[in-house]
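**Student:** I have a structure here, written as structure tokens, and I will follow up with some questions on it.
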Amino acid sequence: MSELPQEILDVAIIGSGFAGLGMAIKLRQEGRRSFVVLEKEAALGGTWLVNHYPGCACDVQSHLYSFSFEQNPDWSRTFSPQSEIRDYLEHCADKYDVRRAIRFGCEVTRARFDEAAACWELTAADGQQLRARVLVSGMGGLSRPSIPDFPGLSEFRGYRFHSQQWDHEYPLEGKRVAVIGTGASAIQLVPRVAEKVAHLDLYQRTPPWVLSKPDFRVAPFWRRLFRQMPWTQRLFRTAIYWHLEGRAFAFTRFPAVMKLIQPMARRFIARQIRDPALRAKLTPDYTLGCKRVLMANDYYPTLDREHVDVHSGGVKGFTATGVIGADGLERPADAVILATGFAATEPLPPGAIIGRDGVDIVEAWKDTGPEAYLGCTVAGFPNLFILAGPNTGLGHSSMVFMIESQIAYVMDALRRMDQDNLASVDLKPAVQAEYNRRLQRRMQRTVWETGGCRSWYMDAGGKNVALWPNFTWQFRLRTRRFRLNDYDWRPHPRASASGAVATHGAQA
Ligand code: N01
């Protein structure tokens, strides 16, 4: 292990997806030079780099699912494919000159707050160490694949991989393949896999509600218009924003409205699935919106094909040669694709983030589940800012909007720390508790709580730790200013010795 470096950087950012990259760009734009982005992969892009399964695309309109300060007139479709989003992020890194701040292949395995020096000590997998005053996590909540502990899985001798670890080298042609899961990833990849394989068995535990996807090619006329008159694109973006924002009414305030959309979704199934038994299997019994509402035009037609079978009830286990369904029957499989989602309620492994008094963030969250203030700061973890943290996810709009709101909050915090010569800011436990008490009270009225389903938004205790139960503009308003009153803080030792912050006093 290398020695601790003497230099203390201003900011260390973990991850180079929308969150980490957006943070780096804002730091650069403000003329800050003392920062680094630590990226475990060999390239940037975060979730849009590592998820590259066939059919991978965004299910939020690209003209909104992009940075507000870098609108792209050249999106090829209303919902762009993964490769285009990854290229867009590459473009942003170059245009805003942040690539040189990224250390690729640097996986941070441990971050520990050093109370005396008021900085974070980071250790990477290869033993490299660095220190930074402020740590910004851009790791996202959906980066750790969830691989259920299916009985017999390790004995399965065929090929298997998770949707996030797609192996494009594996030839699917002519194979008998099992796909497990019917979430957002599965419905995108199943049609592409079905095109190639001899037989596909899809293991569904809970059917999703699926609506048609208004996915169109963006005609050259519109691209030209957006390029030549950028205000037209801003107008378009604003229209999409408010169109989607209107849905928050139904998701968070009047879930009964969701039931009015269900007949339309049922008709969508009926139009595309001929067999009544299969239709019944694919029709959810919970309120639309309780789990993520999915959009696809080719999912149901794929399930209606002769060589595709849907098996309800999930998976009982595995044998060396196949999968045992809920009906107890074993079906042979050459390959198994686990589209089983992410460990969203356990976003960090134990030992990764150690705060004040040596407390592990996993331990701090033991009783409450992941919780933060504005999804960003956690009591006992000074100078740590989490982007896309607990309860910032959305069921109805673009995460990039939430991320940009939080970035503005972090920038304001940095300015405030500089201005007042603060060494550390640590969220007051009472602020965190009150914020989350109100948030969870607000949550009770949402479709995620009342809709009669079990989703990945909930932790083991049934608490929704993933989603923001309100309008996104309300989140934007709340994150506009960093309020020092919400924090205990310590002045910088030099400032305190010189009396520069005497009027504030140390509250740590
Ligand atoms: O994961 P999921 P995902 N036995 O958790 C099933 C984002 N995303 O990767 O519904 C049997 O939704 C599970 O069944 P059930 C988006 O936020 C965005 O598809 O729990 N089955 C479910 O069917 C999304 O919500 C895009 O009963 C088991 C599936 O596996 C999030 O990522 C695209 C099981 C997991 O579905 C996650 O999506 C893709 C078990 N033990 C993803 N455990 C965009 O376009 C799990 N399942 C932006």
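**Student:** Looking only at segment 92-109, filter to residues that are within 16 Å of V11 (Cα to Cα) and surrounded by 14 or more Cβ atoms within 10 Å (Cβ to Cβ); which one of those is nearest to the chain's Cα centre (by Cα)?
**Tutor:** Applying the filter and picking the extreme gives V108.
**Student:** Look through L172, L189, L202 and report the one residue that is assigned to a strand (DSSP E or B) and either open to solvent by less than 30 Å² (accessible area, probe 1.4 Å) or in contact (Cβ under 8 Å) with a residue 12 or more places away in the chain (or both).
**Tutor:** Of the residues listed, the single one that is assigned to a strand (DSSP E or B) and either open to solvent by less than 30 Å² (accessible area, probe 1.4 Å) or in contact (Cβ under 8 Å) with a residue 12 or more places away in the chain (or both) is L202.
**Student:** If you check D74 against the conditions, is it assigned to a loop (DSSP other than H, G, I, E, B), charged (D, E, K, R), open to solvent by 30 Å² or more (accessible area, probe 1.4 Å) and within 16 Å of the ligand (Cβ to nearest atom)?
**Tutor:** Against the criterion (assigned to a loop (DSSP other than H, G, I, E, B), charged (D, E, K, R), open to solvent by 30 Å² or more (accessible area, probe 1.4 Å) and within 16 Å of the ligand (Cβ to nearest atom)), D74 does not qualify.
**Student:** Evaluate the following for A194: is it within 26 Å of the chain's Cα centre (by Cα), more than 15 Å from the ligand (Cβ to nearest atom), open to solvent by less than 20 Å² (accessible area, probe 1.4 Å) and more than 17 Å from F79 (Cα to Cα)?
**Tutor:** no
**Student:** Another question about this same structure. Of the residues that make up segment 123-131, is at least one within 25 Å of the chain's Cα centre (by Cα) and open to solvent by 30 Å² or more (accessible area, probe 1.4 Å)?
**Tutor:** Within segment 123-131, one or more residues are within 25 Å of the chain's Cα centre (by Cα) and open to solvent by 30 Å² or more (accessible area, probe 1.4 Å).
**Student:** For segment 52-87, enumerate the residues that are over 26 Å from A339 (Cα atoms), hydroxyl-bearing (S, T, Y) and out of contact with any strand residue (DSSP E or B) (no Cβ under 9 Å at 6 or more places or on another chain).
**Tutor:** S68
**Student:** For M264, all conditions in the list (1) touching a strand residue (DSSP E or B) at 6+ places or on another chain (Cβ under 9 Å); (2) within 23 Å of V179 (Cα to Cα); (3) open to solvent by 50 Å² or more (accessible area, probe 1.4 Å) hold save one; what is the number of the exception?
**Tutor:** (2)
**Student:** Check I180 against each of (1) at negative phi; (2) away from the ligand (no atom under 16 Å from the Cβ) and name the one condition it does not meet.
**Tutor:** (2)
**Student:** Out of all the residues in segment 155-168, which are under 19 Å from P145 (Cβ atoms) and either open to solvent by 60 Å² or more (accessible area, probe 1.4 Å) or not hydrophobic (A, V, I, L, M, F, W, C) (or both)?
**Tutor:** Across segment 155-168, the qualifying residues are G158, Y159, R160, H162, S163, Q164, Q165, D167, H168.
Residues checked against (1) among the polar types (S, T, N, Q); (2) over 30 Å from V218 (Cα atoms); (3) touching a Leu at 6+ places or on another chain (Cβ under 7 Å):
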residue	(1), (2), (3)
A239	no, no, no
H243	no, no, no
A250	no, no, no
P255	no, yes, no
I261	no, no, yes
A270	no, no, no
A277	no, yes, no
R292	no, no, no
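**Student:** Turning to a different aspect of this structure: Select the helices (runs of 4 or more DSSP H) contained entirely in segment 231-330, then report the ones holding at least 3 residues which are under 30 Å from D149 (Cβ atoms).
**Tutor:** It comes to 276-282, 299-303.
**Student:** Could you list, ordered by first residue, the pairs with Cβ atoms under 9 Å in which the first is in segment 57-84 and among the basic types (K, R) and the second is within 13 Å of the ligand (Cβ to nearest atom) and in a loop (DSSP other than H, G, I, E, B), at least 6 apart or interchain?
**Tutor:** From residues that are among the basic types (K, R), the pairs are R77/S62; R77/D215.
**Student:** Hey, another quick one. Which number in (1) open to solvent by 10 Å² or more (accessible area, probe 1.4 Å); (2) among the aliphatic types (A, V, I, L, M); (3) over 27 Å from the mean Cα position of the chain (by Cα) marks the one condition that A239 misses?
**Tutor:** (3)
**Student:** Go through (1) within 16 Å of the ligand (Cβ to nearest atom); (2) free of Cβ contacts under 8 Å to residues at least 24 places away in the same chain; (3) among the small types (G, A, S) and name the single condition S398 misses.
**Tutor:** Condition not satisfied by S398: (2).
**Student:** Of all residues in segment 331-353, count the ones that are touching a Gly at 6+ places or on another chain (Cβ under 6 Å), within 16 Å of the ligand (Cβ to nearest atom) and part of a strand (DSSP E or B).
**Tutor:** 1
**Student:** Could you check K316 against (1) touching a Pro at 6+ places or on another chain (Cβ under 8 Å); (2) open to solvent by less than 30 Å² (accessible area, probe 1.4 Å) and say which number it fails?
**Tutor:** Exception for K316: condition (2).
**Student:** Going through R33, R100 one at a time, which residue ends up being assigned to a loop (DSSP other than H, G, I, E, B), more than 16 Å from the ligand (Cβ to nearest atom) and either farther than 22 Å from M402 by Cα or among the hydroxyl-bearing types (S, T, Y) (or both)?
**Tutor:** R33
**Student:** Continuing with the same structure: State which residue is nearest to T238 (Cα to Cα) when the search covers only segment 472-497 and only residues that are surrounded by 18 or more Cβ atoms within 10 Å (Cβ to Cβ) and aromatic (F, W, Y).
**Tutor:** Ranking the qualifying residues of segment 472-497, first place goes to F475.
**Student:** Further question: Mind listing whichever residues of segment 450-465 are more than 10 Å from the ligand (Cβ to nearest atom) and open to solvent by 60 Å² or more (accessible area, probe 1.4 Å)?
**Tutor:** Of everything in segment 450-465, those that are more than 10 Å from the ligand (Cβ to nearest atom) and open to solvent by 60 Å² or more (accessible area, probe 1.4 Å) turn out to be T450, G452, A460, G461.
**Student:** Out of the residues in segment 133-144 that are open to solvent by less than 40 Å² (accessible area, probe 1.4 Å) and within 20 Å of the chain's Cα centre (by Cα), state the one that is farthest from Y457 (Cα to Cα).
**Tutor:** Once the filter is applied, the top-ranked residue is L135.
**Student:** Quick check: anything in segment 365-375 within 15 Å of the ligand (Cβ to nearest atom) and more than 18 Å from the chain's Cα centre (by Cα)?
**Tutor:** No, every residue in segment 365-375 fails to be within 15 Å of the ligand (Cβ to nearest atom) and more than 18 Å from the chain's Cα centre (by Cα).
**Student:** Consider F221 against the criteria (1) out of contact with any Cys (no Cβ under 9 Å at 6 or more places or on another chain); (2) touching a residue at least 40 places away in the same chain (Cβ under 8 Å): it satisfies all of them except one. Which criterion is unmet?
**Tutor:** Failing condition for F221: (2).
**Student:** Can you find a residue in segment 216-226 that is open to solvent by less than 60 Å² (accessible area, probe 1.4 Å), assigned to a loop (DSSP other than H, G, I, E, B) and either within 13 Å of the ligand (Cβ to nearest atom) or modelled with pLDDT of 95 or more (or both)?
**Tutor:** Within segment 216-226, one or more residues are open to solvent by less than 60 Å² (accessible area, probe 1.4 Å), assigned to a loop (DSSP other than H, G, I, E, B) and either within 13 Å of the ligand (Cβ to nearest atom) or modelled with pLDDT of 95 or more (or both).
The values are calculated or read from the model by the stated rules, or taken from the named source; none is laboratory data. This one's a predicted model, so the numbers in the text were calculated from it and none came from an experiment. Please note: Cβ atoms are built from the backbone with ideal geometry, for glycine as well, and neighbour counts cover all protein chains shown. Remember, those area values only see protein heavy atoms, side chains included, never the ligands or the DNA or RNA. Shrake-Rupley method; radii C 1.70, N 1.55, O 1.52, S 1.80 Å.
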